[in-house]
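Everything below concerns the one structure shown next.
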Amino acid sequence: MEAMPCQNQRLGPRPQDEQPATATTTGGGGGSRLIRFAEPSEDSGCPSPDSSSSSSNGVAAAAAPPIPAEIGPQLKLLPMNDQLRELQTIIRDKKSSRGDFVFSADRLIRLVVEEGLNQLPYTECTVTTPTGHKYEGVRFEKGNCGVSIMRSGEAMEQGLRDCCRSIRIGKILIQSDEETQRAKVYYAKFPPDIYRRKVLLMYPILSTGNTVIEAVKVLVEHGVQPSVIILLSLFSTPHGAKSIIQEFPEITILTTEVHPVAPTHFGQKYFGTD
């Protein structure tokens, strides 16, 4: 009996997937979507999505600079769409209630985790359906684990467990030293065979990149190669992403947005300590 192929690719682009000219820019390494921001205003209206038009309160929407080409292909952005932009907007809005904030953050985390799993290797397999047909599909290879950088990274753990029920998750606690103000490792606990695993490193906000750099150093000390580390993040600054990739050129960074202004209030508001 002929096997059914795995339909894991769209046959053609949908109209809503086409990017407007005002939202993309073309560089030597391909097109990068511009992130659109509005100038600060006392009004509370949401800026127009078209950077060339004005919002209802008269505030002109300004396009943020594109991702610098020198960051490199190690940085991967989730494809932008209106759903993603709405979640980013709610998280950035200072007037959002904590309930709306956490709900939107969990949704955004789930999207990032799903795409992170997409970066892992898989093998082809054939299964039999209840009707007796053979189906040619894929199965993720074993040997993956998650590592959260406490405390804000713990917000991403449930999203990973929702996708991989039995995945093992390690933890790293890094805080600034009171005297030197440099990132210092206070606690680290990993699966004993982490050196043989591919690691999904979770940290939602990349501001300076220093915390992640220290975390990766600890993983390297435990035998993990940077080439098998996928950093899952929600928001990143250009400086943060560039600093991490300069220190570890083989690492992969996955995020939804790169912009000089990062929502550094994320951890406090998510856990209710703001």
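With respect to the conditions (1) open to solvent by 40 Å² or more (accessible area, probe 1.4 Å); (2) at pLDDT 95 or above; (3) within 21 Å of residue 76 (Cβ to Cβ), residue 135 falls short on a single one, namely (3).
For the residues 172, 194, the requirement of being under 20 Å from the mean Cα position of the chain (by Cα) and surrounded by 15 or more Cβ atoms within 10 Å (Cβ to Cβ) singles out 172. Is one or more of the residues making up region 77-96 among the acidic types (Asp, Glu) and within 29 Å of residue 188 (Cα to Cα)? No.
Considering only region 197-230, state which residues are in a loop (DSSP other than H, G, I, E, B) and open to solvent by less than 70 Å² (accessible area, probe 1.4 Å). Result: 197, 203, 204, 207, 208, 209, 223, 224. Looking only at residues of region 246-271 that are among the hydrophobic types (A, V, I, L, M, F, W, C) and part of a helix (DSSP H, G or I), we find that the one that is surrounded by the fewest Cβ atoms within 10 Å (Cβ to Cβ) is 271.
Please work out which residue is most open to solvent (accessible area, probe 1.4 Å), limiting yourself to region 138-157 and to residues that are touching a helix residue (DSSP H, G or I) at 6+ places or on another chain (Cβ under 8 Å) and within 23 Å of residue 207 (Cα to Cα). Per the stated criteria, the residue is 151. Looking for something touching a Gly at 6+ places or on another chain (Cβ under 8 Å), farther than 19 Å from residue 205 by Cβ and in a helix (DSSP H, G or I) - is there at least one such residue anywhere in region 68-91? The answer is yes, given that some residue of region 68-91 is touching a Gly at 6+ places or on another chain (Cβ under 8 Å), farther than 19 Å from residue 205 by Cβ and in a helix (DSSP H, G or I). Looking across region 225-274, the residues that are in contact with a Leu (Cβ under 6 Å, 6 or more places away or on another chain) and within 28 Å of residue 96 (Cα to Cα) come down to 231, 232, 233, 234, 236, 240, 241, 253, 254, 256. When 236, 243 are checked against the criterion of being open to solvent by 20 Å² or more (accessible area, probe 1.4 Å) and under 28 Å from residue 92 (Cα atoms), a single residue qualifies: 243.
The values are calculated or read from the model by the stated rules, or taken from the named source; none is laboratory data. A quick note: this is a predicted structure, and the numbers were derived from the prediction, not measured. We place every Cβ from the backbone using ideal geometry, glycine too, and count neighbours over all the protein chains shown. Just the protein is used for accessible areas: all its heavy atoms, side chains included, with ligands, DNA and RNA removed. Shrake-Rupley method; radii C 1.70, N 1.55, O 1.52, S 1.80 Å.
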